[in-house]
1. For chain A, what's the relative contact order in percent, using C-alpha pairs closer than 8 Å and at least 6 residues apart?
2. What do the square roots of 5 times the Cα gyration tensor eigenvalues come to for the stretch B:217-337, in whole Å, largest first, as semi-axes of the equivalent ellipsoid?
3. Which of the peptides B:294-305, A:301-312 is most tightly packed, and how do the rest follow, going by the mean number of other Cβ atoms within 10 Å of each residue?
4. With Rg and the Kirkwood Rh both taken from Cα atoms, where does Rg over Rh land for the stretch B:322-451?
5. Using a Debye calculation, one point per C-alpha and no hydration shell, please list log10 I(q)/I(0) for chain A at q = 0.05, 0.07, 0.11, 0.12 Å⁻¹ in order.
6. For B:359, A:88, B:439, which order do you get if you count the other beta carbons within 10 Å of each Cβ and list the fewest first?
7. What residues of the stretch B:339-355 lie in the reach of a label at residue B:176, counting those whose backbone N is under 11 Å from a point 7 Å from the Cα along Cα→Cβ?
8. Rounded to the nearest 0.05, what FRET efficiency is calculated for residue B:88 and residue B:430 with R0 set to 51 Å and r the Cβ-Cβ distance?
């Protein structure tokens, strides 16, 4: 019975998912003259050559979803700019990006079934996806049996054991992020589905980042329900999941949209929980200028952003460990702990990975700090070039390599293969910073319960951060590691009640033990005296 | 350079090797016929259930042994020539040792049941047993029913494993209630209920008479002493384990049920030691059994013997008894001694509390006259080892333990606390008026400081 419901659920989900995945290649686009003029005005284009050329290539012509407009725009831009450079008409040069421009054209010019049936299309994609997923997830209340740790068959199933399903998910996720970051014109059909929601929130039509934000919340909510069922015996997991869901939906999604709706002076919306250096462009010149010129609210955000990173974050890490951010508040962590939970076992526990981790994550932190140094210097010295290096090119490199490729494509796309915390473990500069505080000045630790460990390895296997928890537990040592995000799953899966996440006095937090508790005191004194 | 040879790469032998390496530069060789590398035997069930892969049960990466200059030899020791310090290895060259550590662990008990060596009949102890089970019971189509004989820790683990693949399981338990030779009745009863919740066909006070063979020499059914014949293709023999010492029969090493050792873990032959499941103390230590087939005692013996071998003769002195287990979804911890009704002395009195709805309970044993705290069993509540260790050392009373129970609470954050309810019941039964003290980090850490 339950199995049947689940199978129907999977089918419904796959239909919704299939339509969603097909959308980028469907539909038709035809730009009329009025919209074209509007577009040119919005983009602030002054080049007649470009306008004439593009008009002749695009206006009034029918394009199918599969044709990319970006190459057409790009050649048009290049041709126009060549002439303007030659004529030294610097003011007329076109600086718009061809991908963004192509996306804007598509958004304005889509016609036919999809943009005309937004509600229905939403239901056929998101709606079916949600219904199908819930039909698969909710019966687990029964199918998982009595409450407790239910990790049966994780290493027998294709989806969670790097089988073909996992590889398909991997391909989809990577493609999805590549579209979002680099080929957003293909995301335009998705934006139609959520236009009504975007309009009801901010008053604007949806862009592809709104699609992403909305989808993020939907996926987290559905997968949070899965967490609630799977860990229904574990209050820590339930409270933590609720927290991370709340901060995603309210802070990352709703508040920024509402800020836009209210037409506040700081017009683009702000995620109040997103701390620098994860929020790597906070100190970019354009952002600082915008903040400073946005009156009281802008200044408040500026002060808040600095306070968050310099005071709030480290003080909270002192009291609670970096978990308060990484697995209770952060959006990246939120996705990892919900959508990524089925993949947590794939993080490598080898010593080699730990070495790679330390080089990479601290390298990214250094990169972020150096870049910020450059941008701040450039901002105060009012120059675009520092030490002979163009600040913009550093910013672009970071945005591309770290912001897009590492955090997005690899960070989430690789969930099914490398585990759910690839970004948090190897790349996040904020995690690196919090890690220092957690390692050297914090009350947080995972206490090992005397000599109860049987070295079974569940804790290490299910540590999403790739910490070899067992290596500490079997020696009776507490776990104090900079990378621990305090998800609490090691403690949950332990069959012998060995591990407890807790905040206590700093003294005695790190407890190297020569001999485990259980041996007679004489022996321990003997060994410790040596 | 002195050559230390260890037979067996389980927790005892490997711990001994690691600590000898920490303390000295001696040449160390571990011989095992079971696996190439050390793994955690207790985790085999999770491999079958798909929680882990076999490699996850290995606590050390494969490079660890070479880096620490611990030579691993895969081979079966046929005989020990202790006059010449030589080990005869099957199909391989002899190994000469200076000191020999026997750490060969256990093997599943077989009590001479007819049919006990048929195909499909197996224990669950070694990596080979796991592989066999994977072959015998890959799914419910191949294995239409399994019968497990023996109501102990391995039996219930094997039942859980098979149930994870929806294989119907009949569980024969000799006692009138699960594990009631060890657990007080309230707890034993709770586990009975939990076993049934997991759709395991629990047959109490039922013994195996014989296993019937099919035409291919595989088990096809079992017959119980109640006269029932139960069709099955897998029979799990889990009626305890005994020391794996057959190869020592004529070695001249003194044997009882296990290898006889003194408190220094020395056998009757100089330079030969035995540790772990296969070692048998001449005199039981405290309330402990002479043979302790427990994970952590193997580890402690390994640590202790490493001291002795490295020039610091040290007696094996296990501290206060503790242990833990998991029965399906129920976590169990014990600190100190709580005996079952069948084995407890007249002085031992129990206070038992059980949650009204959840499968959570606590039993505290205390001296009926002095009220001295003797031990605690908890189900569904985790407790802090070092706190109970200290309370036992300091000979606290049951009332002290109850008053400060919050210090010992070790469940994850946000879990419900039951101290109030537990105390209410105790107060009601004993006409006392104890109120729970708030958790104090100062008191909790006093313990570890005293320890450090």
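What follows draws every value from the coordinates through simple rules; no lab data is involved. Keep in mind the model is a prediction, meaning the values are calculated, not measured. Neighbour counts are summed over all protein chains in view; Cβ atoms, including those assigned to glycine, are modelled from backbone coordinates with ideal geometry.
1. Relative CO of chain A lands at 13 percent.
2. Working: eigenvalues 238, 91, 28 Å².
So the equivalent ellipsoid measures 34, 21, 12 Å along its semi-axes.
3. Result, highest mean Cβ count within 10 Å first: B:294-305, A:301-312.
4. Rg/Rh for the stretch B:322-451 comes to 0.93.
5. For the requested q values the scattering log ratios are -0.24, -0.46, -1.07, -1.24.
6. A:88, B:439, B:359
7. Answer for the stretch B:339-355: B:342.
8. On the way: r = 64 Å, r/R0 = 1.25.
E between residue B:88 and residue B:430, to the nearest 0.05, is 0.20.
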